[in-house]
């Protein structure tokens, strides 16, 4: 379902700054500030679940738009299956933390989610189709994590449906599939040899293995050094370093020679870089 602007009211006096107030107003009008289009495959700065704030829900179109507005060249999102095996954006296995509903994502159909569940300020839960339409329009790159724990198990057919949708949307060169499970990455690559995969490494030793099973490795900043990053690149891996919202990790990622950084607060990172 294509994204539509949420119904909301703007209160500039409560915003942290005039810029934030204007951005929120633009979102409410369905006219988020234009961001510079990124080249396909540009993952220099990735907004983790977009760039959520107290008035935006993670993994929603407004949060993704905010990440691009503050300079992200790509956004990371989480994919889960619904009861009718449709794909929606949701990190948790349950709806409780980020929506007005409760219970497992896998217990509801897309129609049920659309009619009864929203994020803050009535923001709808995006479907994969809606995400791809938005990303194609804004020429954004996507890092899509396949979530399996606590929900429906993905079948080979589900991977084929996802990769086919990506290809038909003209987004094959702008999507990286992310998972901590090698079997998931292998199935994605089997669905199409043109798919690009990233291994979400829990530690350094497994990161080395990941360089042999995926096109790239997603490594936490606490495990990143310049020598390790150089070694992974020598093995042909695209290296993305995840660093959350902590400037200490941002600094470490830069010291390690990061060419791709995943951050949890793009606006704060942009301000930190300007200092």
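Can you tell me how region 194-275 classifies by the Cα gyration tensor, rounded, prolate or oblate, using a/c under 1.5 as the rounded cut? Note, shape of region 194-275 comes out prolate. Using a Gaussian network model of the chain with C-alpha springs under 10 Å, which one of 146, 213, 125 is most mobile by mean-square fluctuation? Among 146, 213, 125, the largest mean-square fluctuation in the Gaussian network model of the chain belongs to 213.
Evaluated over the Cα positions of region 35-105, the convex hull gives a direction-averaged projected area, one quarter of its surface, of 5.3 nm².
Spread over its residues, the convex hull of the C-alpha atoms of region 130-267 is 122 Å³ per residue.
Calculated [222 nm] ellipticity per residue, helices only, for the chain: -10500 deg cm²/dmol; basis is -39500 (n - 2.57) per DSSP H run with n ≥ 4, divided by all residues, nearest 500.
Would you please classify the overall shape of region 60-172 from the alpha carbon gyration tensor, given that a ≥ b ≥ c denote the square roots of the eigenvalues, rounded means a/c under 1.5, and beyond that prolate means a/b larger than b/c while oblate covers the rest? Oblate.
Annotation: Cα Rg of region 136-195 relative to the compact-globule expectation 2.2 N^0.38 Å equals 1.10. Comparing 196, 137, 220 in a Gaussian network model of the chain, where Cα atoms under 10 Å apart are tied by springs, the biggest mean-square fluctuation is seen for 137. Per-peptide packing, taken as the mean over residues of other Cβ atoms within 10 Å, places 202-209, 238-245, 77-84 in the sequence 238-245, 77-84, 202-209 from highest down.
Quick note: the coordinates plus some simple rules give every number you see, no bench work behind them. Computed from a predicted structure; not experimentally measured. Here the Cβ is made from the backbone with ideal geometry for all residues, glycine too, and neighbour counts use every protein chain on show.
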